[in-house]
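To start, the structure itself, in structure tokens.
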Amino acid sequence: MISNLLVANRGEIACRVFRTCRELGIGTVAVHSDADAGALHARVADAAVRLPGDTPAETYLRGDLIVKAAVAAGADAVHPGYGFLSENAGFARAVLDAGLVWIGPPPGAIEAMASKTRAKELMGIAPLGDVTEADLPVLVKAAAGGGGRGMRIVRRLEDLDAELAAACAEAAGAFGDGEVFVEPYLENGRHVEVQVLADSHGTVWALGTRDCSLQRRHQKVVEEAPAPGLPAELERELYELAVRAARAVDYVGAGTVEFLVAGGRAHFLEMNTRLQVEHPVTEAVFGIDLVAEQIRVAEGHALPSDPPRARGHAVEARLYAEDPAREWAPQTGTLHRLAVPDGVRLDTGYTDGDTIGVHYDPMLAKVVAHAPTRAEAVRKLAGALERAAVHGPVTNRDLLVRSLRHEEFARARMDTGFYDRHLAALTEPARDPYAPLAAALADACGRSRFGGWRNVPSQPHVKRYLMAGEEHEARYRHTRAGLAADEDGVRVVHVDACRVVLEVDGVRRGFEVARHGDQVHVGGTVLTALPRFPDPAAERAPGSLLAPMPGTVVRLADGLSEGAAVQAGQPLLWLEAMKMEHKITAPVTGALTALHAVPGRRVEVGALLAVVEETVVQAPQEDQ
């Protein structure tokens, strides 16, 4: 029996495994990088061990140090979570060689399936060799790992070499393995997967399907179980292929077999020999704890011959600290508040006041809703996200709500090209016309000790806010009765520092208000309080390219130097942040008058990278 378990991972998945361990009475051990010394997973474990490393991103790839930490802390088992070393057969062997229990499949099964090229060969599928024009578009893909890292779509043959090199570098940094391969890219297919669970006694369960078609950068955003609208015959084929893949490698434990469904056919993608990020939707539908089952299987227990019955529908949304309207740029800073309404599941590695750094994936949390029908589960999740308090950096929360309520998703007509088609409409800024007034009233109430009422009529008080990129003014007055809106048809019913109730043309609306520095959250609307007297020195020259996030300059465009002519949208340089590369492009057509970015140099958010002076094209003069 396992008594003390180390999780060789961080963040949300470490916290999630620890939760099951506590329920089973198993002790917990965390490992952490220096950057994660104060992280939630390191705080909630019974014991925590620091892992030294050259960089925070590489720390969790040091299997030798993790095994030493497990032995030193008295752990008798290791759970790898997902990502990092979870599909590394060498690490699994090192754990077993140290006399510890490995909560995962046998190393041989990992070796057979962890490399996507070998997995395809095992399933009778050969990757592309020499790519020709007839093969386009193609997908460059990392042989190890997942999560969209080391993945590139190539539509022009002349781009292939550069994309292969970039994918190789990204895969090596994320997984310690730079092997990549090329396969045909199927446009607008559905990403469907099957959860499998196998024991060491020959039983293999196929625990239903999941649809993970809503993706950005080849990384899943919304997942659900079961995959809606699949013909019964295709569903049976998916189950059979998944079980066949597991049996082919004598699989033991939890794993996922992934497919692309297009034209009514299933195309094998890969087998992930680990727990998936989206496993909670399967848990909700089947009423089981997959982590608990992993532990029981690792202890040698046999599964019942038949899996439990599926009930209802579950949908999961991944909440990311990122700005979808700015090419999904990751965001950093303090997470002041994270809370969701009762009735949904929240899996997270953060708590109020934690800092979102630059070294790891920007996922803040997973929010999961379960209901008797798909429509009810989708509505429940969208409502919970809309009412959630998410205070801090920009997130994809509004995008998630709109995606769940989109007609295409509601009718289960989505595919992997959903955001390619709809992102612009889904990221239209939301503007609540009364949010600035509510913010101003709450601020006035919180700051005023004596009410501010004047016997002599005067001009209204004015506060300015930035909302969805536009400046808005809020006007109010101090009266004998208290604060009043300087706007016809609006009556202030209640105001305190945290809540404002307005009556607009006879309809009452309540606004929850929270302020963190110059950032004000009014319900789901985020405002930036503007200073009364702006600082002229803060102005930047037109055409200034500022770092959208903290990161490291990876490389510059070939031949880029000061004085070069550039076109609007032309890639100038690449930043690495949160384990992914982010392209920085020219804002206008003109000349590069300054270049401050240097490969290898770390920059903070707002740092000046370059300046592009726009070329002014004069209209031809008419003959006089």
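The values are calculated or read from the model by the stated rules, or taken from the named source; none is laboratory data. Note that the coordinates shown come from a computational prediction; the quantities given were computed from them, not determined experimentally. As a convention, Cβ positions derive from the backbone with ideal geometry for all residues, glycine included, and neighbour counts pool all protein chains shown.
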**Fill in**
Of the candidates Ala377, Ala384, Ala389, the one satisfying the condition of being in contact (Cβ under 8 Å) with a residue 12 or more places away in the chain, more than 26 Å from Asp496 (Cβ to Cβ), of a type in the set (A, V, I, L, M) and not assigned by TED's automatic domain parsing to the domain that holds Lys463 is Ala377
**Request:** Return the residue satisfying two criteria in turn: it lies in the stretch 64-96 and is at pLDDT 95 or above and among the acidic types (Asp, Glu), and of such residues it is nearest to Asn4 (Cα to Cα).
**Result:** Asp76
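Taking the stretch 330-345 on its own, how many of its residues are in a strand (DSSP E or B), of a type outside the set (Gly, Ala, Ser) and within 21 Å of Glu512 (Cβ to Cβ)?
Taking the stretch 330-345 and keeping what is in a strand (DSSP E or B), we get 330, 333-335, 337-339, 345.
Those still in the list that are of a type outside the set (Gly, Ala, Ser) too: 330, 334-335, 337-338, 345.
If we keep only those that are within 21 Å of Glu512 (Cβ to Cβ) as well, we get 334-335, 337-338.
Of the residues in that region, 4 qualify.
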**Message:** Tell me whether the stretch 235-243 contains one or more residues that are of a type in the set (Lys, Arg), modelled with pLDDT of 95 or more and farther than 20 Å from Ala143 by Cβ.
**Reply:** yes
**Asked** With Asp361, Asp250 as the choices, which residue is part of a loop (DSSP other than H, G, I, E, B), modelled with pLDDT of 95 or more and not assigned by TED's automatic domain parsing to the domain that holds Gly99?
**Response** Asp250
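Residue by residue, here is whether (1) surrounded by fewer than 17 Cβ atoms within 10 Å (Cβ to Cβ); (2) more than 30 Å from Glu376 (Cβ to Cβ); (3) touching a Lys or Arg at 6+ places or on another chain (Cβ under 6 Å) holds:
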{"site": "Asn396", "(1), (2), (3)": "no, no, no"}
{"site": "Ala410", "(1), (2), (3)": "yes, no, no"}
{"site": "Arg421", "(1), (2), (3)": "yes, no, no"}
{"site": "Leu426", "(1), (2), (3)": "no, no, yes"}
{"site": "Leu441", "(1), (2), (3)": "no, yes, no"}
{"site": "Val462", "(1), (2), (3)": "yes, yes, yes"}
{"site": "Tyr476", "(1), (2), (3)": "no, yes, no"}
{"site": "Thr479", "(1), (2), (3)": "yes, yes, no"}
**Matching residues, the stretch 185-233, being part of a helix (DSSP H, G or I) and buried (at least 17 other Cβ atoms within 10 Å of the Cβ)** = none
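Pick from Ala172, Ala206, Ala232: which is without any contact (Cβ under 8 Å) to a residue 40 or more places away in the chain and assigned by TED's automatic domain parsing to the domain that holds Ala375? If you could, list the steps in order and put the result at the bottom.
On the way: Ala172 fails: assigned by TED's automatic domain parsing to the domain that holds Ala375; Ala206 fails: without any contact (Cβ under 8 Å) to a residue 40 or more places away in the chain.
Among Ala172, Ala206, Ala232, only Ala232 is without any contact (Cβ under 8 Å) to a residue 40 or more places away in the chain and assigned by TED's automatic domain parsing to the domain that holds Ala375.
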**Prompt:** Name the pairs: first residue in the stretch 515-529 and closer than 13 Å to Asp432 by Cα, second residue assigned to a loop (DSSP other than H, G, I, E, B), Cβ to Cβ under 6 Å, at least 6 apart or on different chains?
**Reply:** Thr525/Asp432
**Request:** Those residues that are touching a Ser or Thr at 6+ places or on another chain (Cβ under 9 Å) and more than 15 Å from Val221 (Cβ to Cβ), I need them from the stretch 311-325; list them, please.
**Result:** Gly312, His313, Ala314
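Among the residues that make up the stretch 252-267, is at least one of them under 22 Å from the mean Cα position of the chain (by Cα) and among the hydroxyl-bearing types (Ser, Thr, Tyr)?
yes
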**Prompt:** Quick one: is Leu96 within 30 Å of Thr355 (Cβ to Cβ) and not assigned by TED's automatic domain parsing to the domain that holds Ala143?
**Reply:** no
**Request:** For Ala70, indicate whether it is crowded, with 17+ Cβ neighbours inside 10 Å and under 24 Å from Leu290 (Cα atoms).
**Result:** yes
**Request:** Taking only the stretch 289-331 into account, find how many residues are over 19 Å from Glu428 (Cβ atoms) and either of a type in the set (Phe, Trp, Tyr) or touching a Cys at 6+ places or on another chain (Cβ under 7 Å) (or both).
**Result:** 0
**Prompt:** Looking at the stretch 101-134, which of the residues that are closer than 15 Å to Leu85 by Cβ and among the β-branched types (Val, Ile, Thr) is modelled with the highest pLDDT?
**Reply:** Ile103
**Complete:** When the stretch 276-329 is checked residue by residue, the ones that are at pLDDT 95 or above, under 29 Å from His359 (Cα atoms), among the charged types (D, E, K, R) and part of a loop (DSSP other than H, G, I, E, B) are Glu278
**Request:** Scan the stretch 549-570 residue by residue and report those that are in a loop (DSSP other than H, G, I, E, B) and either surrounded by 14 or more Cβ atoms within 10 Å (Cβ to Cβ) or assigned by TED's automatic domain parsing to the domain that holds Ala329 (or both).
**Result:** Met549, Pro550, Ala557, Leu560, Ala564, Gln570
**Complete:** If we keep only residues of the stretch 588-624 that are assigned to a strand (DSSP E or B) and of a type in the set (D, E, K, R), then the residue modelled with the highest pLDDT is Glu613
**Asked** Quick check, is Thr351 within 30 Å of Ala37 (Cβ to Cβ) and in a loop (DSSP other than H, G, I, E, B)?
**Response** yes
